[in-house]
1. Expected output is a single nm value to one decimal: the length gained when fully extending between ASN263 and SER329, i.e. 0.36 nm times separation in residues minus the C-alpha distance. What is it?
2. Considering only protein heavy atoms and a probe of 1.4 Å, how much of the accessible area of the chain is carbon and sulfur, as a whole percent?
3. Percentage of Cα-Cα pair distances in the range 223-307 greater than 23 Å, rounded to whole percent?
4. Which translational diffusion coefficient, to the nearest whole µm²/s, is obtained for the range 206-254 from the Stokes-Einstein equation, given a Kirkwood hydrodynamic radius over C-alpha pairs, 25 °C and 0.890 mPa s?
5. Within 12 Å, Cβ to Cβ, of ASP148, how many net charges do the neighbouring residues add up to if Lys/Arg are +1 and Asp/Glu are -1?
6. How much FRET efficiency would the formula 1/(1 + (r/R0)^6) give for THR117 and GLN95, where r is the Cβ-Cβ distance and R0 is 25 Å, rounded to 0.05?
7. As a test of the formula, what do you get for the chain when each DSSP H run with n ≥ 4 contributes -39,500 (n - 2.57) and the sum is divided by the residue count, at 222 nm and rounded to the nearest 500 deg cm²/dmol?
8. Past the 31 angstrom mark, what percentage of all C-alpha to C-alpha distances in the chain do you count?
Amino acid sequence: MLQHFNLRNVLFASMLVAGLSSCSDDEERPIDPSPGPELRTKIDYAKITPTTPYKSLFIDTKGDTTVDLTSGNARFKMFQALNYYLGSAVRDSTQVTAAVMKNMYANTGNPFTDISTSTINVKGADLNASGVQLRDVTASSKTAAEADAARAHLETSFAALEAASKSVKVPAAKGVAGKLGTYLVDSKGIEHGQIIQKGLIGALQMDYIGNVLLDRGLEVDNISLVSGKKYTALEHNWDEAYGLLTLNPVYLAGATDAARTSNESFIGSYIWEYNKASYAKIHPAFVKGRVAIVNMDNAEVKTQATFIRTEMEKAIASAALGYLGKWKSGTTDAARAHAIGEGLGFIYSLRYCKINGADAAFSDALLLGLMGSPNGFWDLTNDKINAASDAITAKFKL
């Protein structure tokens with residue numbers, strides 16, 4: 001396992017994940033400011049409330065919805081299913097395999113099965129036949145080579161989690177993989193289930209929503225309908241972003257600062273937990289941006305997209321800080337290892353925070369400073385934690 005983490009350091013140091021390779025030159029052109037006859041009837045912004053269901057305002061002249069959340073929601077459910085499988089080693093005291101994780105990640109070999117819990121409802125056959133996957137949109141704002149490096153980073157952690165799961169019945173200690181409290185760690189105390197989950201929050205959700213769909217994805221056609229569909233390319237990009245954020249008609253419906261009542265997951269839950277100032281503004285921003293698309297109000301579309309992206313980045317940076325703080329306040333090795341596992345995943349994800357100017361070099365330097373010593377977690381000190389926290393605070397002005 002020591003050799004494995006050295007390899008991961010090399011991946012960290014070389015990875016600047018970037019490039020939506022599927023975008024053609026035609027797709028990257030700005031929206032035509034003179035679109036000719038209006039495709040839609042304009043919508044009054046005054047109709048938007050904090051609880052307006054996402055789909056409710058967007059109806060065509062035949063009374064059909066122009067919103068299609070299918071692809072975004074399918075990828076969200078794939079993330080749920082993969083994450084559920086990651087936890088099965090501890091939950092069921094069984095070995096997990098990198099091959100299964102890779103198949104779920106790339107949606108190959110019909111890997112998904114039905115899952116029904118209090119927070120997850122997945123129909124495996126639907127996901128297997130969906131025609132979408134997580135792997136091809138991971139780090140997809142970046143160049144093909146750099147995106148491949150990001151995918152390799154995640155797949156390396158798949159292998160590390162498989163290796164650690166072979167020791168799930170062994171008590172973990174310095175240099176010994178196994179179970180530390182209720183968490184599964186490798187010989188350096190790294191909880192790879194958290195590295196994968198938080199890495200995908202950044203490389204999948206932050207990057208694809210923020211740096212693709214709500215950035216370069218705003219430059220696609222909003223004049224004509226996609227062939228055979230009821231929406232324009234721009235409408236669909238915005239819808240896909242919402243569908244990858246949440247499965248709910250109203251994101252964070254009913255949430256207060258004290259309680260998150262809706263079953264949000266992944267970045268959707270961390271926006272609430274670590275961005276108390278703005279979490280309630282995210283849903284209205286999504287609806288207002290979609291109204292602006294209907295109204296051909298390009299300036300307002302950009303304003304709402306930038307707001308959403310900025311607040312997502314703030315949540316990721318604040319979560320990284322929060323988990324570094326939880327390492328310091330943890331009273332057991334298990335609590336501290338779990339905190340740093342989550343923190344490392346979020347620190348890796350900082351490289352996708354484009355608006356704040358964070359990049360792979362910034363992220364990798366923090367990771368190396370924290371975990372570059374021979375025993376990783378077991379060698380952490382307050383000074384190392386403080387140095388990382390200070391750098392994040394300064395970069396993100398927190």
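The values are calculated or read from the model by the stated rules, or taken from the named source; none is laboratory data. These numbers come from a predicted model, not from an experiment. Neighbour counts are summed over all protein chains in view; Cβ atoms, including those assigned to glycine, are modelled from backbone coordinates with ideal geometry. Side chains are part of the model used for accessible areas, which takes the heavy atoms of the whole protein and leaves out ligands, DNA and RNA. Shrake-Rupley method; radii C 1.70, N 1.55, O 1.52, S 1.80 Å.
1. Details: separation 66, 0.36 × 66 = 23.76 nm, distance 2.75 nm.
So the chain would gain 21.0 nm between ASN263 and SER329.
2. On the way: 8470 of 15830 Å².
It is 54 percent, rounded to a whole number.
3. Values: 1000 of 3570 pairs.
Tail fraction, whole percent: 28.
4. In µm²/s, the coefficient is 212.
5. Numbers: positive: ARG135, LYS142, ARG151; negative: ASP136, GLU146, GLU155.
Charge balance in the 12 Å sphere: 0.
6. 0.70
7. Numbers: 14 runs with 190 residues, N = 398.
One gets -15500 deg cm²/dmol as the mean residue ellipticity at 222 nm.
8. Numbers: 28953 of 79003 pairs.
Of the Cα pairs, 37 percent sit more than 31 Å apart.
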